[in-house]
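The structure appears below as structure tokens.
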Amino acid sequence: MSAEQLAGLSDLFVVAAVLLYVVSMVGFAMELAFGRFRPGKAAALGADAQRQAVKQPVAVGAAGSGGEGADASSAEQPGASEAAGQPRGAIRAGTVALALAWLGWAANLAAIVTRGLAVERWPWGNMYEFVVAICFAAVSAFLGTQLRHNVRFLGAFVMVTAALGLGLAVKFFYTAAGPVVPALNSYWIAIHVTAAIISSGLLTMAGVAGILYLIRGDGLSRLPTREDLERVAHRAIVFAFPLWTFAVIAGALWADRAWGRYWGWDPKEVWSFITWVAYAAYLHARVTAGWRGRAATIVQLVAFACLLFNLIGVNIFISGLHSYADVGN
Amino acid sequence: MSVQELEKEQSPNQAGFGLTAWLRWGWRTLTSMKTALILLFLLALGSVPGSLVPQRGVEPDKVARLYEQNPTLAEWYDRFQLFEVFTSTWFAAVYLLLFTSLIGCIVPRTATYLRELRRKPPAAPKHLSRLPHAAAFEGDLGVEEAARRLRKLRFRVVTGDGWVSAEKGYLRETGNLFFHIALLGILLAIGAGSLYGYRGNVLVVEGDGFANTVAAYDRYIPGSQVSAESLEPFSLQLTDFKVSYQVEGDKRGQALDYSAHLKVNDSPGAPTRDFELKVNTPLEVNGTQVYLIGNGYAPVFKVTDGKGQVAFEGAVPCLIEDKPTMTSGCVVKAPDAQPSQLGFLLRFLPTSVPLTDGTYASAFPDELNPEVQLVGAFSGDLGLRSGRPQSVYELAPPEVMKKLKPLVMGSNVPKPLAAGQSIDLPEGAGKLEFVGVKEWMTLQIAYDPGRVPALVFAAVAVVAIALSLMIRRRRVFVRVKEGGTVEVGGLTRTEGSAAGFAEEFADIVKVLSAGEKDVR
Ligand code: HEM
């Protein structure tokens, strides 16, 4: 296949991914809409009952096959213990939505791979490619988490974010397949940008959970409890923060090779730093008395806003050395 | 080292009103988590203007433009040091407070940590079934055997009468401490770099050379502890500069690769070596880095004066006026010309094409059809001997320009010259010949003794923060009851990580309850 055909195919895959994400979002939304209401506090279950739920499968596992040992974790997982109580239609809608999300994920992956083959380099050399990759990372973060813990309740919101992100990329950032400027022609793009993309994907998922946390009151709601939402967000950030630290440092190493200094307060560097400090503040807020919960979530969302501004705003509004800035060129 | 411990903030009133009490209260407040949190916020907030207001160190020309366009605003910016946010006193105040707070945090935590390291796990509680994770099974597991199996799982173990207590995950605190210490290290490395390092820029034309001395730089920014003699004594010569461009498609005209062929002498007596300098592959000489950061054209001109003598011959680096086509503006000065000095303003077109309105423009950045267009020729005193420094990119300051006599200007601008062509000036004032084209490159040369230590600390920080966030501290207890019942209980000491532990706990119980042969 020629490079043009591959590039054309990549564009088609992006469109397919958007459509699949949208349909999947509808499915997840239906699951939520027809789902059961949940009380505001996990504590409503009763502390004893909860501990019981944890303990029993372990005891069974120890005495018998042991295979069910893993159930112990899902009992603590958001929503899992309640899944049994959901109406069948809602569950079915959620299952279909999950399958569609996987299909959309595959299309998104195919779009990235074909683009990479078409341009014969790492396919994240400009804003368009970067945003497509971040959407892929966010969906991967969601689906990857879903493999181990039930976080289906996030589905609708992750899907809408990914669909909007891809739509935005196609509409405003589209850049025809082509070579990159010499400064981007380095193996560091594989290291630095990949780390930035993966951590951005995880942080996007955390951001979605944080927004839901604020939307959901403490009362009865179809959304999972605030504790569950916060746990999902915290865990994603715990994974993403070291990775983001690494991405920033890899960026400094690259700058050291390309620009003659490892840190020069270029706008992108400034905002990566701000984002990093803001997430560090979130981690500190979590262990500071009186900040856990709502206040920490707000800190998290401020940090997420910094991340988004760095990914998009800096490229559009502030000129700097980072060559990504050639939006729609 | 619980959070509560760190949070403990005694008000000075309770401790009396003495100076020491106030000092102690101040120190406690400074090193409290809440203060650290606020300082982190201030640090982030303080960085924001650094990206919105042009910075002197990064974009000096933009700062100058702001001074021209809006002097009042610029002055206010300057008053708050907003043109140099990251070296301003207020920014320094925030990060110095933060790092003082950090030290105040690290020292007591290190002490606690060292004590913890040596401390044995506590005795098993009486009723293991009350722990967050608990299980029981029938078996003939003895205390010794249970301890052995737990040790094999890399737990630190103590045993007692009918119980085993085990703990692991100490690397969590290790990671946390090392991360915070590494942050201090990075700050120190950056500080050392800016004191003992230097940075400079220089433009080199093909065929010319550069020797690393202060005088050779176009711009030189030394740290306060750098002496001119300490510069690494290398020299280099630019033999050839090449750029390749995309020739078709949407990205036509985009540069694909820059490469500068250098002959390098690492020290005055050293043998010459070849080096191909590219973007992303700097030249390194003993810790001093040489980077390729820019390029352009330097057409070669020959000026013959009114008396028929060669008044100037050489390459003239031109300023890029339009990056996509590399249309550049050049200035030629011939102060030796007789009977009066000559000056020329020219436009270099790397790929010259005629437009329908009779003018010429460059259609491509590569030198496919290089031509030079004479924009203006002047005679008269260029003011070079006035002693005032003058830019090589400017013919003369405005007040001098006014006194020059225009020979060629405006409507009588002739057709562009191709290489080898020349143009005779009116009134027998002389002749300008466009001889050929060379290229120039700009180099950044930097020496930063802090960069390797900074890298080491950064690497430590990444590994340590990963350990700190991924590892959980956990305890497992075993009680062997009479009659063969074995109780196992477990807990994590890390908030928010209980979920993942359930699986591990189940595995531990499996290992404990399995028969001898099943144990790995
Ligand atoms: C440059 C600024 C700082 C950064 C980037 C930073 C970053 C971090 C990070 C990422 C964590 C991990 C959080 C977790 O374990 O969940 C952490 C933990 C911690 N930090 Fe900092 N920190 C900074 C300054 C400080 C200061 C000034 C203090 C002292 C007041 C401090 C005290 C702590 C403590 C006590 C923990 C442990 C929390 C725990 O064990 O859960 N940090 N820090």
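Annotations
- Selection status of A:W244, crowded, with 23+ Cβ neighbours inside 10 Å and either more than 17 Å from the chain's Cα centre (by Cα) or not charged (D, E, K, R) (or both): yes
- No other residue among B:T112, B:T72 is loosely packed, with under 13 Cβ neighbours inside 10 Å and either at pLDDT 85 or above or in contact with a Gly (Cβ under 9 Å, 6 or more places away or on another chain) (or both) apart from B:T72.
- Test: B:A44 is loosely packed, with under 13 Cβ neighbours inside 10 Å and within 16 Å of the ligand (Cβ to nearest atom): no
- Of the residues in region B:181-194, at least one is away from the ligand (no atom under 16 Å from the Cβ) and away from chain A (no Cβ under 13 Å).
- Residues that are within 16 Å of the ligand (Cβ to nearest atom) and within 14 Å of chain A (Cβ to nearest Cβ) within region B:109-134 comprise just one, B:R109.
- Criterion: of a type outside the set (F, W, Y), crowded, with 20+ Cβ neighbours inside 10 Å, without any contact (Cβ under 8 Å) to a residue 60 or more places away in the chain and away from the ligand (no atom under 16 Å from the Cβ) - qualifying residue of B:V157, B:V164, B:V214, B:V205: B:V157
- Some residue of region B:92-108 being more than 17 Å from B:W163 (Cβ to Cβ) and away from the ligand (no atom under 16 Å from the Cβ): no
- Some residue of region A:206-218 being assigned to a helix (DSSP H, G or I) and facing chain B (nearest Cβ under 9 Å): no
- Any hit, region A:269-284, residues being of a type in the set (D, E, K, R), farther than 30 Å from B:E59 by Cβ and either more than 16 Å from the ligand (Cβ to nearest atom) or at the interface with another protein chain (Cβ under 10 Å from one of its Cβ atoms) (or both): no
- The set of residues in region A:206-232 that are closer than 18 Å to B:M470 by Cβ and at pLDDT 90 or above contains only A:A206.
- Residue within region B:296-306 that is assigned to a loop (DSSP other than H, G, I, E, B) and touching a residue at least 24 places away in the same chain (Cβ under 8 Å) present: yes
- Looking across B:L432, B:L455, one residue alone is modelled with pLDDT of 90 or more, surrounded by 20 or more Cβ atoms within 10 Å (Cβ to Cβ) and away from the ligand (no atom under 16 Å from the Cβ). It is B:L432.
- Test for B:E75: is it more than 16 Å from the ligand (Cβ to nearest atom), farther than 24 Å from B:G185 by Cβ and within 14 Å of another protein chain (Cβ to nearest Cβ): no
The values are calculated or read from the model by the stated rules, or taken from the named source; none is laboratory data. All figures in this text were calculated on a predicted structure; none of them were measured in a lab. With ideal geometry, Cβ positions are generated from the backbone for all residues, glycine too; neighbour counts draw on all protein chains shown.
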